[in-house]
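The values are calculated or read from the model by the stated rules, or taken from the named source; none is laboratory data. Because the structure is a prediction, the values reported are computed rather than measured. FYI the Cβ positions are ideal-geometry reconstructions off the backbone, even for glycines, and counts take in every protein chain you see.
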Amino acid sequence: MQSWICCQLGAREHYAVPRALKLDGLLDELITDLWIRPGTLLHMWQKRLTGRYHPDLTGARVVAPNIPALTFELKASLARENGWTLINRRNEWFQKHAVAQLARNHNGPRTVFAYSYAAKEIFEFARERGWRTVLGQIDPGPAEDLRLTSSKPVPKAYRDNWRHECSLADQILVNSNWSRDALIAEGVAAEKIRVIPVAYEAANDTSTFQRHYPRAFSAERPLRVLFLGQVSLRKGVAQLLEAVQLLSGEHVEFWFVGPVQIDVPQELKLHPQVRWFGAAPRVSVESYYRDADVFIFPTLSDGFGLTQLEAQAWKLPVIASRYCGEVVRDGFNGVVLEEVSGRAIADVLLNFLRAPERLSAMSIRSGVDERFSLGMLARRLRDI
C-alpha cells in the first residue's frame, strides 16, 4: 500500500487522521505548523500550546517549524490582523511550508492528505509528482453560507480556491451525510466523496464515570445545560438564546463555554439563568462536561461536531440538530431536534425538567460508539 503524508494545519480532531494511519502502519510523515512536546521550554512558556502534540504519534516522523509559526502569529497579532485576512494568510503560509517539506526526500508513489482551504498548493505539487491526493473536507462548503446570516460573508476567492482543491483531489472525505449532500449540490462528483465519521478517544478513562440526577430540579439544583464551542450564529446560538428567554423563571441554568463571536444583548449577558465562561483551555474542558446535566448542539451547519462525542464520553445526553454528523440516537441517548428554533429547544428542556429520570436513562446509555473509534477510522482509511 502507498504510504501517506499528512499536511495538517492546527490540531484538528486531535490529529486523528495521522494517528489512525500510524496505527495501521501507513503514516510516512506528518507535516504541521506547531508540535510542542510536554516539558519543553515552549510548552512551559505557553500552556495554551498543550494540545499541539499527541503521544500516539511518538516515534512518528513529524515536521513542524515551531519558531517560524510562532513568529508568524506574533507578527499577525502586532499588526492586528484578524478575520478572513488572517485566515487566508495563515493558510497560504502553511502551504508554502508544506510544499517545501514535500520537495525534500520524498520519492516513489505517495498519498498526500490535507484539509480543505489549506490544500490547493499542496495538491498542485503532489499532482505534478503523480501522487494521489485526498482532501479532508472540514465543513459542508458553500451550502453553509446560504443557511447563515453574517456581517462578514465568505470571500469569493476562498470558495474559488476550495473548488480548485476539489478538482485536484482524487478522493474527498466528509464526516457526515449532511456534508456529502451539500458538496454534491455544489457540483462535486459523488464518486469522489467518501463519508467517514470523525474518530474520538477520550484523553482520560471515563468508562467508570457515573452521572447522578436529582429526583427533581430546583432553584438550588437547576437543570444545567452546557453549550461548548464558538458562540456564533452558525452554532445555533441565536435560537438557544431565544430558548433562554422562553424558559425564564424555570429551574434551568445555561452554561456558555467558548469564545463569544456575536453581540449578546445586555439583558442576556446579565440574565440570572445564564453563565458566560468564555474560552476555556482544553485541559479544563472536561470539568464542564463532568458537571453539566445535558449537552446541547443546535448547529445550523457543521461537518460533524466533535463536541458531541466528547460529551458522550462523559455520559452526557446530547440534544443535537440534524445538520451535522449522525451521533445521537433519538430517544435513546439524546434528542435530535426536528427543527432548530427556540421553541423546539425549550420544549425538549421542559420535558427533561419535568422528568429527570429520562436524563438518567439516557446517561446510562450514552458513550462513544465503536463506529467512532480510532481503529475504525484506520480501517476506513486503509479501504481507500
Scanning the stretch 53-110 for residues that are surrounded by 16 or more Cβ atoms within 10 Å (Cβ to Cβ), touching a residue at least 60 places away in the same chain (Cβ under 8 Å) and in a loop (DSSP other than H, G, I, E, B), which turns out nearest to the chain's Cα centre (by Cα)?
R110
Selection within the stretch 158-206 - of a type in the set (S, T, Y) and crowded, with 20+ Cβ neighbours inside 10 Å
S176, S179, Y200
Could you please tell me which pairs satisfy a Cβ distance under 6 Å, a separation of 6+ or placement on different chains, a first residue in the stretch 17-34 that is outside the structural domain of Q95 (by TED's automatic domain parsing) and in contact (Cβ under 8 Å) with a residue 12 or more places away in the chain, and a second residue that is among the aromatic types (F, W, Y) and in a strand (DSSP E or B)?
none
Within the stretch 318-334, can one find any residue that is at pLDDT 95 or above, touching a helix residue (DSSP H, G or I) at 6+ places or on another chain (Cβ under 9 Å), small (G, A, S) and surrounded by fewer than 20 Cβ atoms within 10 Å (Cβ to Cβ)?
yes
Search the stretch 153-174 for residues being charged (D, E, K, R) and under 21 Å from the mean Cα position of the chain (by Cα), and hand back the single one that is modelled with the lowest pLDDT.
R159
Just one of the numbered conditions (1) in contact with an Asp or Glu (Cβ under 6 Å, 6 or more places away or on another chain); (2) closer than 21 Å to R322 by Cβ is not true of R224; which one?
(2)
Would you confirm, using the coordinates I've provided, whether I36 is modelled with pLDDT of 95 or more and either in contact with a helix residue (DSSP H, G or I) (Cβ under 6 Å, 6 or more places away or on another chain) or part of a strand (DSSP E or B) (or both)?
no
Selection from the stretch 215-249 of residues that are in a helix (DSSP H, G or I) and within 11 Å of T299 (Cα to Cα)
V237, A238, Q239, L240
Residue check: is V264 under 30 Å from N82 (Cα atoms), part of a helix (DSSP H, G or I), hydrophobic (A, V, I, L, M, F, W, C) and out of contact with any Cys (no Cβ under 8 Å at 6 or more places or on another chain)?
no
Taking Q230 as the residue in question, decide whether it is out of contact with any Phe, Trp or Tyr (no Cβ under 8 Å at 6 or more places or on another chain) and under 19 Å from S287 (Cα atoms).
yes
Looking at the stretch 111-143, which of its residues are in a helix (DSSP H, G or I) and among the small types (G, A, S)?
A126, A143
Have a look at R380, R343, R354 and point out the one that is of a type in the set (K, R) and without any contact (Cβ under 8 Å) to a residue 60 or more places away in the chain.
R354
Answer yes if at least one residue in the stretch 66-82 is charged (D, E, K, R), touching a Ser or Thr at 6+ places or on another chain (Cβ under 9 Å), assigned by TED's automatic domain parsing to the domain that holds I36 and modelled with pLDDT under 95, and no otherwise.
no
Go through the stretch 212-241 and report how many residues are touching a residue at least 40 places away in the same chain (Cβ under 8 Å), surrounded by fewer than 18 Cβ atoms within 10 Å (Cβ to Cβ) and more than 26 Å from E357 (Cα to Cα).
1
Hey, can you tell me all the residues within the stretch 189-211 that are over 30 Å from D56 (Cβ atoms) and either acidic (D, E) or in contact (Cβ under 8 Å) with a residue 24 or more places away in the chain (or both)?
E191
